[in-house]
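The values are calculated or read from the model by the stated rules, or taken from the named source; none is laboratory data. Keep in mind that this is a model prediction, so the values were computed, not measured. Virtual Cβ from ideal backbone geometry, glycine too; neighbours counted across all protein chains shown. We work out accessible area using only protein heavy atoms, side chains counted, and drop any ligands, DNA or RNA first. Shrake-Rupley method; radii C 1.70, N 1.55, O 1.52, S 1.80 Å.
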Amino acid sequence: MKIKVVNGPNLNLLGIRKPEVYGTITYQELTNQIQSFCAERGITVEIVQSNHEGSIVDAIHDAYFKGFNGLIINPGAYTHYSYAIRDALEAIEGVLKVEVHLSNIYARESFRAINVIRDVVDWSIVGKGIEGYFEAITWIASKKCRQRDTSSL
């Protein structure tokens, strides 16, 4: 089982940016916890973070071409307007996709309720803090995905 975690803009500022909304855990602590959680379950995980839309699109494509079974994405502010990320997610058939948001985007500023990503992912988790990542990993693992054959890609 291989899972890719893609974190969008400003996630690198966890623990600094609005700790009352996003928590006090740092980005490095989050990645360490995700890696440990996956290692304990025999899951291979790759975690990337970018503040750049094109890099996030490339990471989504990479999940497909490298045979990842699942993709967890926290697109940050790109949730609300990135059709490029939406289209990349829609294009990668055969990869389970879970959208995770630390805060409840639907209970915050009105512009955050616009979500162009939700209809192209298999599941959306909002407002559960870092626990959302572990819930997403557990959900993907529960699907008992077979290793994808990428030899023809």
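Key figures for this structure:
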| read-out | value |
| --- | --- |
| The chain shape via C-alpha gyration tensor axes, a/c threshold 1.5 | oblate |
| Stretchable slack from Thr26 to His61, in nm (0.36 nm times residue separation minus alpha-carbon distance) | 9.9 nm |
| Computed FRET value (nearest 0.05) for Asn104 with Val48, which takes r as the C-beta separation and R₀ as 25 Å | 0.55 |
| Rounded, prolate or oblate (a/c below 1.5 giving rounded, otherwise prolate when a/b exceeds b/c) for segment 27-104 by Cα gyration tensor | oblate |
| Spatially proximal lysines relative to Lys128 (Cα-Cα < 26 Å; intrachain offsets below 8 disregarded) | Lys2, Lys4, Lys18, Lys97, Lys143, Lys144 |
| Difference of contour (0.36 nm per residue) and Cα-Cα distance, Val120 to Trp139 | 5.2 nm |
| Percent accessible area from carbon and sulfur atoms, the chain, protein chains only, probe 1.4 Å | 50 percent |
| Heavy atoms of Glu90: accessible area, 1.4 Å probe, square angstrom to 10 | 90 Å² |
| The chain: angle of helix 131-142 to the longest principal axis, Cα-based, in degrees nearest 10 | 20 degrees |
| In Hz, Karplus ³J(HN,Hα) per residue of segment 79-91 (6.51, -1.76, 1.60; θ = phi - 60°; x = Gly, Pro) | 3, 8, 7, 8, 6, 5, 5, 4, 5, 5, 5, 4, 6 |
| Estimated FRET transfer efficiency when R0 is 35 angstrom, pair Ala84-Glu40 (beta carbons, to 0.05) | 0.50 |
| Cα centroid separation, segment 86-139 to segment 9-58 (Å) | 14 Å |
